[in-house]
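S.K.: I am attaching a structure below and will ask some questions about it afterwards.
The values are calculated or read from the model by the stated rules, or taken from the named source; none is laboratory data. Computed from a predicted structure; not experimentally measured. Neighbour counts are summed over all protein chains in view; Cβ atoms, including those assigned to glycine, are modelled from backbone coordinates with ideal geometry.
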Amino acid sequence: MTEWLNVGKIVNTHGVRGEVRVISRTDFPEERYAVGSRLYLFKNDEPVGLTVSSHRKHKQFDLLTFEGYHNINEVEHMKEGILKIMEDQGGQLEEEEFYYRDIIGLEVYTEENEFLGKVKEILSPGANDVWVVQSAGGGKDLLLPYIAQVVKKVDLTEAKITVHLMEGLRD
């Protein structure tokens with residue numbers, strides 16, 4: 001059975017030339033939305049294969065056009081659809097690179113083995129990802145930059161992340 005990975009959601013059309021607005025949910029937007037990339041639209045029963053013909057960023061959205069879809073009337077029905085890829089299109093990761101889906105849900109501990117909470121989401125605001133840890137004690141979320149000085153070890157088999165809490169991270 002084919003496993004699918006979400007890469008984005010079409011939230012609206014953009015202009016009249018067949019562009020769609022996508023809220024991205026992928027770790028690699030530049031690769032997923034590259035011209036010629038194959039995506040699959042899930043809206044009703046059967047997935048529909050689409051080939052990216054253009055990609056650009058606009059505010060917080062990725063704007064895409066697809067081969068064979070040239071105006072707003074041809075893409076209107078895509079709104080609220082989910083864009084996916086087959087799991088085997090995922091590509092190979094370098095050492096110390098992880099898919100978001102592998103990190104979300106992992107337990108986070110300090111080097112002294114104090115349980116801090118679980119990763120609930122990953123933000124990509126700039127140069128480094130920020131892992132949002134839902135506090136074990138119900139306090140406010142802990143924001144951990146994914147940098148070598150903070151994230152010391154990610155063990156996917158143990159579902160555990162070991163971190164060094166630098167000064168100022170736990171306020």
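S.K.: Quick check on the range 79-88. Is at least one of its residues closer than 24 Å to residue 154 by Cα, outside any strand (DSSP E or B) and modelled with pLDDT under 90?
M.R.: So the first thing to find is which residues in the range 79-88 are closer than 24 Å to residue 154 by Cα, and the list is 87-88.
In the following step, the residues that additionally are outside any strand (DSSP E or B) were identified as 87-88.
Keeping just the survivors that are modelled with pLDDT under 90 gives 87-88.
Yes, the range 79-88 contains a residue that is closer than 24 Å to residue 154 by Cα, outside any strand (DSSP E or B) and modelled with pLDDT under 90.
S.K.: May I ask you to verify whether residue 64 is under 18 Å from residue 5 (Cβ atoms), surrounded by 18 or more Cβ atoms within 10 Å (Cβ to Cβ) and either outside the structural domain of residue 20 (by TED's automatic domain parsing) or in contact with a helix residue (DSSP H, G or I) (Cβ under 9 Å, 6 or more places away or on another chain) (or both)?
M.R.: Numbers: under 18 Å from residue 5 (Cβ atoms): yes; surrounded by 18 or more Cβ atoms within 10 Å (Cβ to Cβ): yes; either outside the structural domain of residue 20 (by TED's automatic domain parsing) or in contact with a helix residue (DSSP H, G or I) (Cβ under 9 Å, 6 or more places away or on another chain) (or both): no.
Against the criterion (under 18 Å from residue 5 (Cβ atoms), surrounded by 18 or more Cβ atoms within 10 Å (Cβ to Cβ) and either outside the structural domain of residue 20 (by TED's automatic domain parsing) or in contact with a helix residue (DSSP H, G or I) (Cβ under 9 Å, 6 or more places away or on another chain) (or both)), residue 64 does not qualify.
Matching residues to (1) free of Cβ contacts under 8 Å to residues at least 12 places away in the same chain; (2) not in a loop (DSSP other than H, G, I, E, B):
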| site | (1), (2) |
| --- | --- |
| 20 | no, yes |
| 26 | no, no |
| 39 | no, yes |
| 45 | yes, no |
| 50 | no, yes |
| 53 | no, yes |
| 56 | yes, yes |
| 113 | yes, no |
| 119 | no, yes |
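S.K.: Specify which of the listed residues (114, 67, 95, 76) is modelled with pLDDT under 85 and over 17 Å from the mean Cα position of the chain (by Cα). It would help to see each step written out before you state the result.
M.R.: Numbers: 114 fails: modelled with pLDDT under 85; 67 fails: modelled with pLDDT under 85; 76 fails: modelled with pLDDT under 85.
Answer to the check: 95.
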